[in-house]
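Computed from the coordinates by the stated procedures, all read-outs in this text should not be read as laboratory data. On a predicted model such as this, the values are computed, not experimentally measured, just so you know. Please note: Cβ atoms are built from the backbone with ideal geometry, for glycine as well, and neighbour counts cover all protein chains shown.
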Amino acid sequence: MHELIVHGAEWTDKIGFVYPNEFIYWSIQIVMYPYMTGLVAGAFVLSSLYHVFDQKDLKEMARFSLVFSLCLLPVAMMPLMLHLQQPLRGIEVMMTPHFTSAIAAFGIVFSTYAVIVISEIWFVYRVFFVEQSKALKGQPGLANNFKRIVYNVLTLGAYELSEEAVRQDKKAVKILAAIGIPVAGFLHGYAGFIFGSVKANALWMSPLMPVIFIMSAVVSGIALCMLTYLIIMEWQKFRAILAKGRGDASVELLRGVEMDLMTKTSRYLMMFLVAAITLEMLDLIFRGYTQMKSWDILRTVMFHEDFVKIFILQYGLGNLVPFILLLIPGLTIRRTAIALVLVLFGVFMMRWNVVIGGQAFSLSFMGYMHYDLPIIPHNLETFKEGLMGALTVVATPFVLFWGVNKLLPSLTFRKQ
Amino acid sequence: MDCSRRTLLKSACAATAAATLPISAFRLFSPAECRAETGKPGTRWIFLVDTEKCVGCGLCVKACKLENEVPYDAPVTRTWVERYVITSDGKSHIDSPMGGRDGFTSPKIDGQEINPKEITKAFFVPKLCNQCDNPPCVQVCPVGATYQTSDGVVLVDRKWCIGCGYCIMACPYGVRFFHPEYKVAEKCTFCYHRISKGETTACVQACPFEARKIGNLRDPDDPVTKIVMTQRVGVLKDEYGTKPQVFYLGLDRNVR
């Protein structure tokens with residue numbers, strides 16, 4: 001006998017007339033899913049801006065964001081697994097896809113994307129692998145030996161370092177990055193399509209949904225890469241200060257590199273932010289103007305029930321404030337950091353307002369549902385689909401990055 | 001033996017094709033599938049609800065829960081009855097406590113007492129899966145665990161459902177939910193295990209007022225088909241293009 005749990009009843013409050021079977025079935029993990037996928041796609045697009053369009057100012061960022069998108073890759077799948085009622089059958093989405101379903105494409109799109117990211121990283125780092133394997137040769141110690149074996153395996157037997165070979169590597173990176181942009185876009189656009197194509201849901205159903213998702217994905221991806229980079233640089237600066245004192249040249253160098261990079265990358269961030277907001281506003285205005293049957297309930301959800309979440313937290317605090325912060329001349333590291341955190345928060349709120357907001361009203365259009373996020377778990381379900389589950393998902397890419405960065409150093413700016 | 005890369009690849013491909021062919025051929029001529037395709041050509045299950053006859057006793061909900069092993073006290077149900085009270089100010093007051101399982105014994109709706117003098121009309125509307133001709137739930141299932149039988153009923157394979165909830169989201173009628181025990185998508189099946197044996201559904205059998213009827217659209221002599229063909233019947237949420245196959249007599253515009 002299984003434990004009797006009505007999925008969703010735990011965290012759903014019903015107000016007014018709601019059909020008996022209606023609950024918040026898609027909870028925090030489905031908020032996390034497009035958020036994490038968005039970060040992956042965004043991080044990759046950022047790195048491709050350098051590789052494909054030769055945006056030289058993004059050179060440092062490119063390598064880091066590429067490796068970071070690799071760390072985010074397995075995390076995009078995690079929320080889905082945590083959300084499934086039958087997680088052990090999750091693999092069937094890959095094995096027996098039913099192609100009229102938007103989710104069924106996941107296996108193909110996601111694996112294609114993973115292959116592109118991994119191979120691009122391989123081409124970017126091949127020379128490094130070879131150099132490392134050569135440098136470690138003959139060095140004493142078990143750790144060095146082990147490291148050499150790992151690098152040997154990573155070269156896949158391609159040891160050639162001739163000019164021609166390196167040139168071909170670069171060409172491959174460029175091609176992969178170029179293919180990767182539409183695939184990353186598709187990966188996330190299709191996440192938008194999952195929602196946009198649900199005709200039963202008045203809030204979700206919109207052809208603009210995939211495009212809105214792509215734009216906000218790029219925004220969040222860039223913001224996360226910038227923020228992580230900033231934190232790591234601050235840490236390095238702090239260590240340099242401890243070692244050499246505040247006025248040392250290396251500290252100044254670090255500071256200069258960091259600020260320069262932030263100013264340049266934030267320009268791209270703002271561009272995509274404007275695009276994202278424009279599309280969202282278009283969607284809202286269109287709904288308000290056409291006033292379909294669902295508009296009455298949507299209006300009450302947007303302007304009354306969820307007003308604070310949508311207009312104050314998402315558009316105000318998450319979009320407008322960071323936009324102004326980044327626009328004011330004389331950008332400082334601290335101001336950038338605040339703006340980036342706010343941007344990330346804004347995109348998260350956007351996902352929340354779409355996923356949870358879409359379930360905030362009943363299909364009967366006569367009632368509302370409120371979602372109470374389980375904070376302290378008391379069973380597996382409230383862990384998986386509660387704050388703790390979400391935090392687990394958030395923490396994973398950073399743990400992965402810590403490990404991956406040991407093999408693929410993506411922060412070696414001083415060499416350049 | 002001389003074996004170039006080309007020949008190796010060629011023979012590998014040939015071997016794979018040779019290995020898969022018998023399996024797929026067997027699948028093509030599966031006797032069970034042939035029988036299912038040709039056996040009963042003339043069945044399309046439909047349902048008729050006469051809202052004028054429903055008194056909201058909830059016996060259908062009770063019968064359904066017991067017949068289909070949906071936990072009795074869980075707030076989810078395969079079929080339910082809604083009560084509508086329309087007042088003179090044009091407002092509709094709707095409720096369905098426990099899906100109407102225990103009938104509607106309290107005059108209060110949503111904790112609110114309605115002055116009987118203000119009531120202009122009041123009625124009950126039973127709901128169940130519409131077994132749509134164009135079911136969005138089947139379309140969105142990522143693994144094909146939910147499917148439509150050749151006689152029009154949408155079923156869920158409990159051994160295959162991954163529990164993503166996409167079908168629940170896709171259904172405009174809110175008939176789907178997660179089974180509290182099996183942890184997979186659950187829905188009304190028109191009591192497929194009964195109708196395919198020539199019996200009627202549990203809810204139809206339990207209804208003392210014949211407000212619910214099941215019939216076969218392909219049979220012109222079927223009493224339900226006759227009503228659907230000759231009288232003015234309505235369906236729920238036509239605008240979603242799902243082509244619902246549960247027909248209502250006396251459907252009010254306030255019904256959601």
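Look at the stretch A:253-261: the mean tally of other chain Cβ atoms within 10 Å of its residues' Cβ atoms is 0. In chain A, once you exclude exposed chymotrypsin sites (Phe, Trp or Tyr not before Pro) (DSSP loop, at most 15 other Cβ within 10 angstrom), what's the longest stretch remaining? Segment A:160-416 is the longest. Each Cα pair under 8 Å and six or more residues apart adds its sequence gap; the mean of these over the residue count of chain A is a relative contact order of 29 percent.
Averaging the sequence gap over all C-alpha pairs within less than 8 Å and six or more residues apart, then dividing by the number of residues, gives chain B a relative contact order of 25 percent.
Excluding the sites themselves, what is the longest stretch of chain A that contains no trypsin sites (Lys or Arg not before Pro) in a DSSP loop with at most 12 other C-beta atoms within 10 Å? My reading of the result: A:1-136 is the longest stretch. Expressed as a fraction of 2.2 N^0.38 Å, the C-alpha radius of gyration for the stretch A:266-348 is 1.26.
Which FRET efficiency, nearest 0.05, do B:Asp252 and B:Ile119 yield, Cβ-Cβ r, R0 22 Å? For R0 = 22 Å, the calculated efficiency reads 0.95. Among B:Ala18, B:Gly56, B:Tyr84, pick out the residue whose Cα is farthest towards the positive end of the charge dipole of chain B, where Lys and Arg carry +1 and Asp and Glu carry -1 on C-beta, about the Cα centre. Ranked along the dipole, the leading option is B:Ala18. As a proxy for reagent exposure, ranking B:Cys3, B:Cys57, B:Cys191, B:Cys171 by other Cβ atoms within 10 Å from fewest up yields B:Cys3, B:Cys57, B:Cys191, B:Cys171. Extent along the principal axes, Cα only, for the stretch A:147-199: 55, 26, 12 Å, with the longest axis given first.
With a simple spin-label model that places each label point 7 Å from the Cα along the Cα-to-Cβ direction, the separation between B:Lys53 and A:Val341 comes to 6.6 nm.
Let me confirm one metric for peptide B:175-188, namely the mean number of other chain beta-carbon atoms within 10 Å of its residues' beta-carbons.
4
With both labels modelled 7 Å from their Cα along Cα-to-Cβ, the A:Ile328 to A:His304 distance reads 3.7 nm.
A Förster distance of 45 Å, applied to the separation of the beta-carbon atoms of A:Glu252 and A:Ser111, puts the FRET efficiency at 0.50. Each listed q (0.14, 0.16 Å⁻¹) maps to a log10 I(q)/I(0) for the stretch A:34-197, found by the Debye formula over equal Cα scatterers with no solvent: -0.82, -0.97. Return, ordered by residue number, the residues of the stretch A:25-58 whose backbone nitrogen is under 16 Å from a label point located 7 Å along Cα→Cβ of A:Lys170. Of the residues in the stretch A:25-58, A:50-58 have backbone N under 16 Å from the label point off A:Lys170. With 0.36 nm allotted per residue and the present C-alpha distance subtracted, the A:Ala158-A:Ile15 stretch has 45.1 nm of extension available. Each listed q (0.15 Å⁻¹) maps to a log10 I(q)/I(0) for the stretch A:276-413 from the Debye sum over equal C-alpha point scatterers, namely -0.97.
Label-to-label distance, A:Ala143 versus B:Glu199, with points set 7 angstrom from Cα along the beta-carbon direction: 7.2 nm.
So, R0 is 60 Å and r is the distance between the beta-carbons of B:Lys159 and A:Lys244; what FRET efficiency does that work out to, to 0.05? It comes out at approximately 0.40. If one takes the longest principal axis of the Cα atoms in chain A, at what angle in degrees, from 0 to 90 and to the nearest 10, does the Cα axis of helix A:59-83 lie? The answer is roughly 40 degrees.
Its convex hull of Cα atoms gives the stretch B:3-249 a direction-averaged projected area, equal to a quarter of the hull surface, of 18.4 nm².
Computed from backbone phi, the HN-Hα couplings of the stretch A:191-196 come to 4, x, 5, 3, 7, x Hz, rounded to whole numbers (Karplus: 6.51 cos²θ - 1.76 cosθ + 1.60, θ = phi - 60°; Gly and Pro given as x). Averaged over the residues of peptide A:8-16, the number of Cβ atoms from other protein chains lying within 10 Å of each residue's Cβ is 2. Global dimensions of the stretch A:192-295 from alpha-carbon coordinates: Rg and Dmax equal 21.1, 68 Å. Across the stretch A:1-116, the volume of the C-alpha convex hull divided among the residues equals 171 Å³ per residue.
If you take all other residues with their beta carbon under 14 Å from the beta carbon of B:Leu249, and give Lys and Arg +1 and Asp and Glu -1, the sum is +1. Stokes-Einstein diffusion for the protein assembly as shown, with the hydrodynamic radius set to the Kirkwood value over Cα pairs and evaluated at 20 °C in a medium of 1.002 mPa s, equals 76 µm²/s. The tail of the calculated P(r) for the stretch B:152-256 beyond 18 Å holds 60 percent of all Cα-Cα pairs. Distance from the C-alpha centroid of the stretch A:177-201 to that of the stretch B:213-248: 38 Å, rounded to the whole angstrom.
Taking amide H as placed 1.01 Å from N in the peptide plane, the amide H of B:Ile109 sits under 5 Å from that of B:Ile114, each at least 5 places away or on another chain.
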